[in-house]
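The values are calculated or read from the model by the stated rules, or taken from the named source; none is laboratory data. Just so we're clear, the structure is a prediction, and the values are computed from it rather than from any experiment. Neighbour counts are summed over all protein chains in view; Cβ atoms, including those assigned to glycine, are modelled from backbone coordinates with ideal geometry.
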Amino acid sequence: MSGRSGAMGRRPGSSLVLLAFLPAIVVAGPDDPCAAFTWDVGHERALFAATAELLAAAAAPNGAPALKPERLYRLQLIAQARVVFAVPPGKRRPPADGYGGLATITLETPGRYRISLDQPAWVDVLANGAVIAASGFEGRPGCHAPHKIVEFMLPAGVALTLQLSASAAPAVQIAVSRAPGQ
């Protein structure tokens, strides 16, 4: 036997270094509902693995909390019947049904962005009071990291209003991020 220690010439403790990094690796197994996205959602999955910052959504456009891109938030919503939306939500539900709220975001760079949520809810984005149409969306039942992603072409330097409505839950996790290739 040579002077090397451990099996096949490895140094003692080298396996421990490798094991230290394993918890940070997110592996989607065949039974993972989050593995069914057709879009590349690796960036969103990494954002949803972070600790969320707690914020309360606003009941009216004035005083809505400001979100920053590339961060995960846990947004406390309000009974939808109490929310005064800037424009009627794109998805209609009886006013007493569900939760909603408002937030804002101002981007430094225009482009295609994704708004990701951990559960079903409707998202409208407004610039200067006008609704910006979504350019695409994906969602996966059973996945909450994230559950739903909606893409928008968004301008820079404009305070955008995010309207959340029709949520069955009183809080949602939300992240705004640049779409891949942007």
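The table for this structure:
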| item | result |
| --- | --- |
| Pairs with Cβ under 9 Å, 6+ apart, first in the stretch 35-46 and part of a helix (DSSP H, G or I), second basic (Lys, Arg) and surrounded by 14 or more Cβ atoms within 10 Å (Cβ to Cβ) | Ala35/Arg140; Ala36/Arg140; His43/Arg114; His43/Arg178; Glu44/Arg114 |
| Failed condition for Leu102, given (1) free of Cβ contacts under 8 Å to residues at least 40 places away in the same chain; (2) farther than 26 Å from Arg45 by Cβ; (3) surrounded by 19 or more Cβ atoms within 10 Å (Cβ to Cβ); (4) among the aliphatic types (A, V, I, L, M) | (1) |
| Exclusive hit being surrounded by 14 or more Cβ atoms within 10 Å (Cβ to Cβ), of a type in the set (Lys, Arg), touching a strand residue (DSSP E or B) at 6+ places or on another chain (Cβ under 6 Å) and modelled with pLDDT of 95 or more, set Arg114, Arg71 | Arg114 |
| Residue satisfying all of: in the stretch 136-168; exposed (fewer than 14 other Cβ atoms within 10 Å of the Cβ) and not aliphatic (A, V, I, L, M); farthest from Asp40 (Cα to Cα) among these | Gly157 |
| Selection status of Ala134, within 23 Å of Gly63 (Cα to Cα) and of a type in the set (Gly, Ala, Ser) | no |
| Residue within the stretch 144-153 that is more than 16 Å from Leu72 (Cα to Cα) and assigned to a loop (DSSP other than H, G, I, E, B) present | no |
| Failed condition for Asp124, given (1) within 13 Å of the chain's Cα centre (by Cα); (2) surrounded by 18 or more Cβ atoms within 10 Å (Cβ to Cβ); (3) charged (D, E, K, R) | (1) |
| Qualifying position, being assigned to a loop (DSSP other than H, G, I, E, B), modelled with pLDDT of 65 or more, surrounded by 15 or more Cβ atoms within 10 Å (Cβ to Cβ) and out of contact with any Asp or Glu (no Cβ under 9 Å at 6 or more places or on another chain), among Ala60, Ala28, Ala64 | Ala64 |
